[in-house]
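Novice: If you scroll down you'll find the structure; I have some questions about it.
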Amino acid sequence: DPRVPDVVYFIGESFAADQPDSAALYYAQVIQTAPTSPRAASSLFKLGLLADRRKDADSARTYFQRVVKEYPKSDEAALARDRLKSPGR
């Protein structure tokens, strides 16, 4: 069903605030199983935000770079470019 990536993404969102490791698993699942879904760019960006929150600047940068490279026309790519210009926001 084409809505599965949306469902998996929003399950990840439900965990993002209190259980970021669980959220990361769901975001990664979206990227792995539905890389052409619009939710894939969002998931990759969210992984970058989670890494940033953990103070893992290298991983955050890698995720944001992947968003820009793999989904250059997405809204998340613009957000990722901003994050890359101003790390640690």
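Novice: Taking the Cβ of Tyr9 as the center, what net charge do the other residues with Cβ under 9 Å away carry, scoring Lys and Arg +1 and Asp and Glu -1?
Specialist: It works out to a net charge of 0.
Novice: Could you identify which residue out of Arg39, Arg54, Arg66 has the top mean-square fluctuation in a GNM of the chain using Cα springs shorter than 10 Å?
Specialist: Result: Arg54 has the largest fluctuation of those listed.
Novice: Given an 8 Å cut-off on Cα distances and at least 6 residues of separation, report the relative contact order of the range 4-71 as a percent.
Specialist: Computed value for the range 4-71: 24 percent relative contact order.
Novice: Cα convex hull of the chain: mean projected area in nm², to one decimal?
Specialist: 5.2 nm²
Novice: If Lys and Arg each add +1 and Asp and Glu each add -1, what is the summed charge of the other residues whose beta carbon sits under 14 Å from the beta carbon of Ser59?
Specialist: +3
Novice: While we're on this one: Kindly write out, for the range 6-23 in residue order, the coupling ³J(HN,Hα) from the Karplus curve 6.51 cos²θ - 1.76 cosθ + 1.60 (θ = phi - 60°), rounded to whole Hz, with x marking Gly and Pro.
Specialist: Couplings: 5, 4, 4, 4, 6, 5, x, 4, 5, 9, 4, 6, 9, 9, x, 5, 5, 4 Hz.
Novice: Another question, if that's okay. In Å², and per residue, what accessible area does the range 11-89 have when probed at 1.4 Å with the other protein chains present?
Specialist: On the way: 4830 Å² over 79 residues.
Result: 61 Å² per residue.
Novice: Counting only protein heavy atoms, what percent of the accessible surface of the chain is carbon or sulfur at a 1.4 Å probe?
Specialist: Looking at the chain in its full context, I get 53 percent from C and S.
The values are calculated or read from the model by the stated rules, or taken from the named source; none is laboratory data. Predicted model, so just to flag it, every value in this text is computed and none were measured. Neighbour counts run over all protein chains shown; Cβ positions are idealised from the backbone, glycine included. Each accessible area value is taken on the protein alone, full model and side chains, heavy atoms only, with ligands, DNA and RNA left out. Shrake-Rupley method; radii C 1.70, N 1.55, O 1.52, S 1.80 Å.
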